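Right, one structure below, let's go through it.
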Amino acid sequence: MKKTLITLIIVNAFTATTAFAAAEAGTWYAGSKFGWSHYNDTNSHHDADFDGDNVGGGIFTGYQINNWLAVEGGYDYLGNMGVNGNHGAPGTKMKSQGLQASLKASYGLNSDWDLYGRVGVMGYRAESDIKGHNNFDTGIRPVLAVGTEYAFNNNWAGRLEYQWVSNVGNANQIGVSSDVSSVMAGISYRFGQ
């Protein structure tokens, strides 16, 4: 009996801490984000130098299923990567963007602040313009993210997030492929709080 009571108290304590920081269950939220994108682990059949740092941004919306789980979707502009070298003319770029869908699990640290992780997929479009020839590739890749979110009040929240998208592009089709990492700051509005 005592073990059951202790277990129930512990479970209640953990569910109480996650209930405050996330949006209320059954509500929607929407927001935007802006930050830094970095193309890394680049594959290419060309002897080239890559400038993988650029700005990125996006918009997102989500539905809070329960106190700790939400489903989220959005559009991300992942920036572009400069390609310079023997086979790429100066100014050649690969740019990418995509639509994503993910599950977001949150853990409340206190009544206003939580940590979260997202896992999902991104349908991307990557383009390269090499010597006047525009090529593009589309595909679906995994997306992972971790971040923190702070509720300024019942309706407004800010977030800071690291996101990773695996192997955007196709070296055989557009001449280059790369993982894309990003660090973005965002703000969201919670409806019906």
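Only the coordinates and a few stated rules stand behind these numbers; no lab work does. Note that the structure is predicted; figures quoted are calculated from it, not measured. Cβ atoms come from the backbone with ideal geometry, glycine included; neighbour counts cover every protein chain shown.
A few comments on the model shown:
- Viscosity 1.567 mPa s, temperature 4 °C, Stokes-Einstein D of segment 112-152 from Kirkwood C-alpha radius, µm²/s: 99
- Anisotropy class of segment 103-186 from Cα gyration tensor, a/c 1.5 cut: prolate
- Trypsin sites (Lys or Arg not before Pro) restricted to segment 104-145 and DSSP loop, no more than 11 other C-beta within 10 Å: Lys131
- Here segment 138-172 is scanned for amide nitrogen atoms under 20 Å from the site 7 Å beyond the Cα of Val71 along Cα-to-Cβ, giving 140-145.
- DSSP-assigned coil residues among chymotrypsin sites (Phe, Trp or Tyr not before Pro) in segment 137-173, each with at most 10 further Cβ atoms within 10 Å: Phe152
- Applied to segment 72-80, the Karplus parametrisation 6.51 cos²θ - 1.76 cosθ + 1.60 on θ = phi - 60° returns per-residue 3J(HN,Hα) values of 9, x, x, 10, 10, 9, 8, x, 9 Hz, with x for Gly and Pro.
- Potential lengthening of the chain between Asn155 and Ile140 amounts to 2.1 nm, from the contour at 0.36 nm per residue minus the alpha-carbon distance.
- Label-to-label distance, nm, for residues given as Asn40 and Phe191 (7 Å Cα→Cβ offset): 3.7
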